[in-house]
Amino acid sequence: MDFMNEFTLIVNTVRDFLWDYALMYLLVATGLYFTIRLGFIQIRKFGAGFKAMFGGFSLHGKSGEDGLSSFQALTTAIAAQVGTGNIAGAATAIASGGPGAIFWMWLSAFFGMSTIYAEAVLAQHTRVKKDGTYVGGPAYYIRAIFKGTFGKFLAGFFSIALILALGFMGNMVQSNSIGDAFSTAFHIPPIVTGIVVAVIAGFIFIGGIKRIARFTEKIVPIMALFYIVGCLVILCMNLSGVVQAFHDIFVMAFAPQSVAGGVLGVTVKEAMRYGIARGLFSNEAGMGSTPHAHATAIVKHPTDQGIIAMMGVFIDTFIILTMTALVILSTGALDSGLTGSALAQFAFNSAFGHFGNIFIAICMLFFAFTTIIGWYFFGEVNVKALFGQKATKVYAVLVICFVVIGSTLKVDLVWTMADMFNGLMVLPNLIALLAGSGIVIHLARDNHHLK
């Protein structure tokens with residue numbers, strides 16, 4: 001027992017240090033660096049990214065022989081980005097950092113758009129073809145940038161951290177969210193929900209990246225539209241509250257001591273800390289996860305996928321997370337003193353009544369299930385890089401087992417370890433991004449994105 005207490009204390013300490021301090025500064029600084037070096041590319045190329053996203057929009061797109069369409073790669077990335085954190089993450093940021101945390105969430109996402117551009121460009125540039133299909137990601141660009149033993153160690157460290165953080169522990173977190181939501185809304189035993197989710201996920205896993213892409217290109221637009229429409233209905237019911245919500249977000253980002261309700265006494269530092277940390281954790285810019293999807297896209301130039309990759313951060317934070325925040329603030333749910341998913345659920349219930357539970361359950365199913373699919377794929381790429389193709393079958397079986405177990409068993413230590421390994425995988429990725437920044441700048445100039 002003493003050993004477990006000590007171990008839990010260590011994991012908590014490392015997790016808190018990474019997400020509340022180290023990564024907050026490192027990720028924002030990296031985003032600021034790329035923003036300046038790339039000449040504010042998230043502003044200059046936003047229109048081009050938006051046009052490319054809708055230009056490639058299709059529920060029945062065709063992937064190439066050796067990769068995916070640009071839109072399929074984007075929806076696979078968004079599938080992982082938009083998860084339960086878009087509901088619980090925004091709620092946690094507001095409950096802990098006040099409404100002003102949303103302003104800092106937006107700011108971190110703005111800089112994060114340039115970081116994810118760099119990730120996608122490097123992933124495209126260093127990808128390789130295995131078994132007739134393109135694969136890539138941090139494990140590949142780390143090895144390309146750092147030759148020899150150091151490169152192998154850094155890439156291996158990243159791969160192991162990602163497999164543990166996303167493939168195993170992260171997917172337990174997601175399935176538990178689905179199990180909890182369906183138990184609350186429909187009184188379905190979590191184990192039943194977990195088994196059904198695992199069976200459907202397993203069927204998609206077996207089909208490989210092509211089946212995953214066909215699934216995400218259909219489900220991601222539908223789930224986003226469903227959630228946005230639901231939020232807009234509530235916001236239309238509380239228009240005066242929406243105006244006040246925007247006022248609170250901007251004013252309390254710099255003067256949060258005026259906050260009333262459950263977050264009385266919050267400081268500017270806390271608003272920044274929770275807003276930036278939760279935002280970066282949700283949109284995954286700089287974490288090294290989404291480059292695995294963007295590496296598979298068939299595009300004319302690596303920077304073409306970099307531009308469309310920025311849209312993933314925009315949709316995740318500026319649309320989905322913002323919708324959640326506005327619903328919580330406009331309904332007055334913040335005064336309830338709740339936090340996390342309970343706060344979000346309270347906000348939706350206050351507007352929809354009991355249907356609020358059903359709405360959240362459906363959204364949790366969409367968000368969490370697509371994240372399970374995306375995170376499985378990211379883990380599979382790294383399993384293949386470390387152990388070869390044969391190991392992916394064992395990995396798939398293990399993920400399915402963890403999905404079932406996670407739906408019924410919520411162990412705080414597992415949740416904390418998922419956060420910790422999420423943070424640890426960022427470090428080698430950022431080292432490689434900064435070391436490879438010259439390549440990103442060169443490719444941007446080569447494709448006339450920089451003059």
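Observations, loosely collected:
To keep it simple, each residue is scored yes or no on (1) at pLDDT 95 or above; (2) open to solvent by less than 20 Å² (accessible area, probe 1.4 Å).
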{"site": "393", "(1), (2)": "no, no"}
{"site": "405", "(1), (2)": "no, no"}
{"site": "409", "(1), (2)": "no, no"}
{"site": "423", "(1), (2)": "no, yes"}
{"site": "429", "(1), (2)": "yes, yes"}
{"site": "434", "(1), (2)": "yes, no"}
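- Residues in region 286-304 include none that are of a type outside the set (Lys, Arg), touching a residue at least 12 places away in the same chain (Cβ under 8 Å), open to solvent by 60 Å² or more (accessible area, probe 1.4 Å) and touching a helix residue (DSSP H, G or I) at 6+ places or on another chain (Cβ under 7 Å).
- Residue pairs meeting the criteria (Cβ under 8 Å; at least 6 apart or on separate chains; first charged (D, E, K, R), in region 213-239; second open to solvent by less than 70 Å² (accessible area, probe 1.4 Å) and part of a helix (DSSP H, G or I)): 214/72; 217/71; 217/72; 217/75
- Pick from region 350-363, criterion touching a residue at least 60 places away in the same chain (Cβ under 8 Å) and open to solvent by less than 10 Å² (accessible area, probe 1.4 Å), ranking: farthest from residue 85 (Cα to Cα): 359
- Selection count where residues are buried (at least 23 other Cβ atoms within 10 Å of the Cβ) and among the charged types (D, E, K, R), scope region 172-203: 0
- Among (1) at pLDDT 85 or above; (2) touching a helix residue (DSSP H, G or I) at 6+ places or on another chain (Cβ under 8 Å); (3) not aromatic (Phe, Trp, Tyr), the one test that residue 87 misses: (1)
- Considering region 265-374, the qualifying helices (runs of 4 or more DSSP H), each wholly inside and each with 1 or more residues that are at pLDDT 90 or above, run over 291-294, 302-313, 322-330, 340-352.
- Which numbered condition residue 128 misses (of (1) within 16 Å of the chain's Cα centre (by Cα); (2) under 23 Å from residue 160 (Cα atoms); (3) open to solvent by 20 Å² or more (accessible area, probe 1.4 Å)): (1)
One line per residue, one yes/no per condition, for (1) at pLDDT below 95; (2) of a type in the set (Val, Ile, Thr); (3) crowded, with 22+ Cβ neighbours inside 10 Å:
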position: 104; (1), (2), (3): yes, no, yes
position: 123; (1), (2), (3): no, no, yes
position: 133; (1), (2), (3): yes, yes, no
position: 139; (1), (2), (3): no, no, yes
position: 147; (1), (2), (3): yes, no, no
position: 155; (1), (2), (3): no, no, yes
position: 158; (1), (2), (3): no, no, yes
position: 169; (1), (2), (3): yes, no, yes
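- Every residue from region 3-47 that is β-branched (Val, Ile, Thr) and surrounded by 15 or more Cβ atoms within 10 Å (Cβ to Cβ): 11, 14, 28, 30, 35, 41
- Any hit, region 378-391, residues being under 23 Å from the mean Cα position of the chain (by Cα), buried (at least 24 other Cβ atoms within 10 Å of the Cβ) and either of a type in the set (Ser, Thr, Tyr) or within 29 Å of residue 92 (Cα to Cα) (or both): yes
The values are calculated or read from the model by the stated rules, or taken from the named source; none is laboratory data. Values in this document were obtained by computation on a predicted structure and should not be read as measured data. A quick note on method: Cβ atoms are made from the backbone with ideal geometry, for glycine too, and the neighbour counts reach across all protein chains shown. In case anyone asks, the SASA skips ligands and DNA or RNA and just uses the protein heavy atoms, side chains included. Shrake-Rupley method; radii C 1.70, N 1.55, O 1.52, S 1.80 Å.
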